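The values are calculated or read from the model by the stated rules, or taken from the named source; none is laboratory data. Bear in mind the structure is a predicted one, so any value in this text is a computation, not a measurement. We place every Cβ from the backbone using ideal geometry, glycine too, and count neighbours over all the protein chains shown.
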Amino acid sequence: FKQCHLGKEDELSPKEMDDFTAEMSSLITDLPAVWYGRSREMVDKLDIKTLTGTSAGIRFVDLKAYQSLNLSGDRSTAEEKSGAGGILINVLKTKPSDPDNLYMAISPDIGDSALIHQLAHVLDYLGGSRLAPGIAKPLSFELGLPSEHLEHPHEFAYWLDYLRKEFDVQLDADDSIVDFLFENQMLIKGLDIEKQDQTVLKMKSEQMMRFLSERSGEIDALICELPGYIGSRVKKD
């Protein structure tokens, strides 16, 4: 999404998945657990079973230690590789050796907003849109849509809003835009993404872009003093 929360990993191609062995999976799941930032507090307080109906656990590993394994199929930018923030590791990589847990790689300096962003991805996967790992990016390339429109569906934003309130977190600039879109019912539903109806997805993406343009002044005022703000888009229009 941007440097302070790296989002989810790139999808695995069929060939990459075929080549990803159980031994490679174990290299990830054998990494020592870490508790950076408020990760322990948040995970201890979240009742995953009650919230999502599943009993999956969440494990955190060190971001640099994970990246040093060179198993990410990493197409991240140099800025992202600097080791700031966190990333939700593709569940298909960890499932062979630990099917009971989802893994996040995080850095020691991870902030609250980045952390709940990742936890929202987890809750969305377990009890929200439940979209298959890696579906968003190839679909966005195929349709020519911004990947963010498909990676952050309505259900993701529901959990982001829940976590923001539960842990009293000030969202950064990007996630504040996601939250604004959620409040205004402008995000794409997971079911629409799952159906992969090109006409519907393109229409809803265009509606979102038009809404962002029409409300750009209001959005700029909302985020101008938040972390991650990159400057006014209003003057550029």
### Task
Given the conditions (1) of a type outside the set (D, E, K, R); (2) outside any helix (DSSP H, G or I); (3) modelled with pLDDT of 95 or more, report the number of the one that Ser232 does not fulfil.
(3)
### Summary
Flagged pairs (Cβ under 6 angstrom, 6 or more apart or on separate chains; first in the stretch 103-118, more than 17 Å from Asp168 (Cβ to Cβ); second charged (D, E, K, R)) are Tyr103/Arg59
### Query
How about the stretch 30-51: which of its residues are surrounded by fewer than 14 Cβ atoms within 10 Å (Cβ to Cβ) and in a helix (DSSP H, G or I)?
Arg40, Glu41, Asp44, Lys45, Lys49, Thr50
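Inspect all residues belonging to the stretch 184-191 and state whether any of them is among the small types (Gly, Ala, Ser), within 26 Å of Ser39 (Cβ to Cβ) and assigned to a loop (DSSP other than H, G, I, E, B). Even if it seems obvious, please write down each step before you answer.
Restricting attention to the stretch 184-191, the residues satisfying the condition of being among the small types (Gly, Ala, Ser) are 190.
Pick out the ones that are also within 26 Å of Ser39 (Cβ to Cβ) and you get 190.
Checking which are assigned to a loop (DSSP other than H, G, I, E, B) leaves us with none.
Checking the stretch 184-191: not a single residue is among the small types (Gly, Ala, Ser), within 26 Å of Ser39 (Cβ to Cβ) and assigned to a loop (DSSP other than H, G, I, E, B).
Considering only the stretch 84-166, give the helices (runs of 4 or more DSSP H) lying wholly within it that have at least 1 residues that are among the acidic types (Asp, Glu) and in contact with a strand residue (DSSP E or B) (Cβ under 8 Å, 6 or more places away or on another chain).
Where helices (runs of 4 or more DSSP H) fall fully within the stretch 84-166 and carry at least 1 residues being among the acidic types (Asp, Glu) and in contact with a strand residue (DSSP E or B) (Cβ under 8 Å, 6 or more places away or on another chain), they are 147-151.
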### Task
Output the number of residues of the stretch 175-213 satisfying the condition of being under 17 Å from His117 (Cα atoms) and basic (Lys, Arg).
0
